[in-house]
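Okay, so here's the structure we're looking at.
Here, each number is a calculation from the coordinates, and none is a lab measurement. Owing to the predicted nature of the structure, the values given are computational and were not obtained by experimental measurement. Cβ placement follows ideal geometry from the backbone for every residue including glycine, while neighbour counts extend to all protein chains displayed.
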Amino acid sequence: MTETSATVCYVHPSRETTLRCNQCDRPICTSCAIRTPTGYRCKECVKGQQKKFDTAEWFDYLFGFSVAGILSLITSLLAMLVSGFGFFLFFLIAAASSTVGVVIAEAARFVTRRHRSRRLYLTVVAGMVLGAAPMIIISLIMFDIYSLISLGIYLVIAVPVMYYRLSGLQLFKS
């Protein structure tokens, strides 16, 4: 009968383990192990692999932020104007916000040449929110509650749609 000798995790020296990273062969404990389709890997190997997929360059952040900000400014202005026509147009704003999120995501994807990075996606989100900020400030100064509600509806629906569309994150796998 062969006996496996327990080694210690390279991150947590007080934890014994028999698990090893399938890429670098370092011993890892269960809290350090990340399950991949090919087996368990340490956090450093997974980070190194993920860095290969971050292809965004410095100007992609500027272009993505600018496009999202400009399109969001235009959309928030339209949402603010439409909200003055009545309560039922909130439903129109809610229905159109998801489409606007998709349009902004595709525009950002186009100007960044399909480069990707988690920081790029968050930069585009910031551009989208800051693009709506002037209309929010104007609505606050004018004490226009309907405009604030419509801008809130727009941001709450459009921002997650844009992020999920841009990042390719799937909530439900088919």
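Quick notes on this structure:
- Ordering of 160-168, 38-46, 18-26 by packing is 160-168, 38-46, 18-26, highest average first (other Cβ atoms within 10 Å, averaged per residue).
- Tail fraction, Cα-Cα pairs, segment 36-134, threshold 19 Å, whole percent: 53
- If you sort the three axes of the alpha carbon gyration tensor as a ≥ b ≥ c, you get a/c of 1.5 or more for the chain and a/b above b/c, which makes it prolate.
- Which of ILE149, VAL103, MET80, positive extreme of dipole for the chain (C-beta unit charges): VAL103
- Global dimensions of segment 7-51 from alpha-carbon coordinates: Rg and Dmax equal 9.8, 30 Å.
- The value of relative contact order for segment 43-146, using C-alpha pairs under 8 Å at least six residues apart, is 50 percent.
- Farthest towards the positive end of the charge dipole of segment 7-51, among the residues CYS21, VAL8, GLN49, is the Cα of GLN49, using unit charges on the Cβ of Lys, Arg, Asp and Glu.
- Per residue, the average separation of C-alpha pairs within less than 8 Å and at least 6 apart gives the chain a relative contact order of 23 percent.
- Over segment 7-51, relative contact order from alpha-carbon pairs under 8 Å, at least 6 apart, %: 29
- Protection proxy ranking, peptides 78-87, 130-139, average beta carbon neighbours within 10 Å, highest first: 130-139, 78-87
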